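What follows is calculated from the coordinates using simple rules that are stated; it is not laboratory data. All values reported here derive from a predicted model rather than from experimental measurement. Please note: Cβ atoms are built from the backbone with ideal geometry, for glycine as well, and neighbour counts cover all protein chains shown.
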Amino acid sequence: MKKLLIMVSALTAAVFSSAKADVSVSGSAGVHVTSGKNVLDGTANSRSTSGTLFMNGAGVSFAMSTTTAGGMTVSSSGGISLDSNDADNTKGVSGLASVSFASDGFTFTVGDVDIVGSGDGHVGNVASDAVDNGGYTATGIATGVSDTEGYGFVASTSVGSASVSLAYLLDVKNEGVNNAESASNEYGTGLSISMPMGPMTIGIGYANIDGTADETTNGVSVSYGIAGGTLSLGYESTDESTDSTTMSGAFSGSLDADTTYAIGYTDGEQGSSSSTRMEAKVSRSLGGGVSVYAEIQNNDGTGTSGTNMSFGTTVAF
């Protein structure tokens, strides 16, 4: 009985005492209407239809952090979600598989991480994932190495005015897993650098996967403020089973304090496949974290040429 009382007292103190750590909660939701050639409803019995796709979802995110007496911040995060941008009705738990340590401008993250440097040359994707569900597709637009997540480390810091991130994955096949053994023979390395040069910002990316599939990607991007907006240009090449190259551009800006727009163009080639994709999006804030948007995506070349359209609302709680 005495042990039980001690246990209850300890539990009560843990629940009602003031925590030294900082725990914050945020949320988001979305409702989307998408049309195109054929759409899939994401269920086990999905079938292509010529109708319009309605979908929605939401998520809750938890961010946790504390600071040591020496000034080092330790943080982690996780969430519960039903993806609102994809025709998939699977509810899932994300995060909680990595921990970050930050001090004096240096951050080191260990656990389930994304490789850096892959996709740094892609700037033309300005629309959301919702419009991709429309059914028209572009084949030949590659986005870098195929394995972009695994168990490993990411180190980020500043060198002068440049921001530098370096990643090393112990196992690229352990996506979403909180452990890896050092002799996996499925390794990944990545480097991403962003630096201002006068009115421009230069981005450089490199990623390599060494294992079952050896792949290497190199990318560069340039952003420049012009005509009341931002012009971005990018190029990326990937050495893979079928080599690919991608060129892209985008222009974004504001119509007023509450309305933003973006236009993007991507040209990709992979082997005998060659496609172009153009995207445009307009979003307006209604206040209180609520926004409405409309976007369009046109695909041409190899694949299924045509136009996908989407509109809806997103909410940040």
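Among GLY205, GLY219, GLY71, the largest mean-square fluctuation in a Gaussian network model of the chain, built with springs joining Cα atoms closer than 10 Å, belongs to GLY71. Among LEU166, LEU255, LEU191, the residue with the largest mean-square fluctuation in a Gaussian network model of the chain, with springs joining Cα atoms closer than 10 Å, is LEU255.
Rg and Dmax of the chain, based on Cα coordinates, read 22.4, 76 Å.
Taken about its Cα centre, segment 238-317 carries a charge dipole of about 400 debye when Lys and Arg each add +1 at the Cβ and Asp and Glu each add -1 at the Cβ.
The C-alpha atoms of the chain define a longest principal axis, and helix 2-16 lies at about 40 degrees to it. Here the dipole of segment 23-316 is about 920 debye; that uses its Cα centre as origin and unit charges on the Cβ of Lys and Arg (positive) and Asp and Glu (negative). Each helix, a run of at least 4 DSSP H residues, gives -39500 (n - 2.57); summed and divided by the residues of the chain, these come to -1500 deg cm²/dmol at 222 nm.
Calculated on the alpha-carbon coordinates, the convex hull of segment 247-314 measures out at 83 cubic angstrom per residue. If R0 is 25 Å, the Cβ-Cβ spacing of GLU181 and LEU96 corresponds to a FRET efficiency of close to 0.75. Stretching the chain fully between THR259 and ASP210 yields a gain of 13.2 nm (0.36 nm per residue, less the alpha carbon separation). For the pair THR230 and ALA21, label points projected 7 Å from Cα toward Cβ lie 3.3 nm apart. Comparing TYR224, TYR168, TYR235 in a Gaussian network model of the chain where C-alpha atoms under 10 Å apart are linked, the largest mean-square fluctuation is found at TYR224. List nothing, just return the count: lysine pairs in the chain, 8 or more apart or interchain, with Cα separation under 30 Å. Value for the chain: 6.
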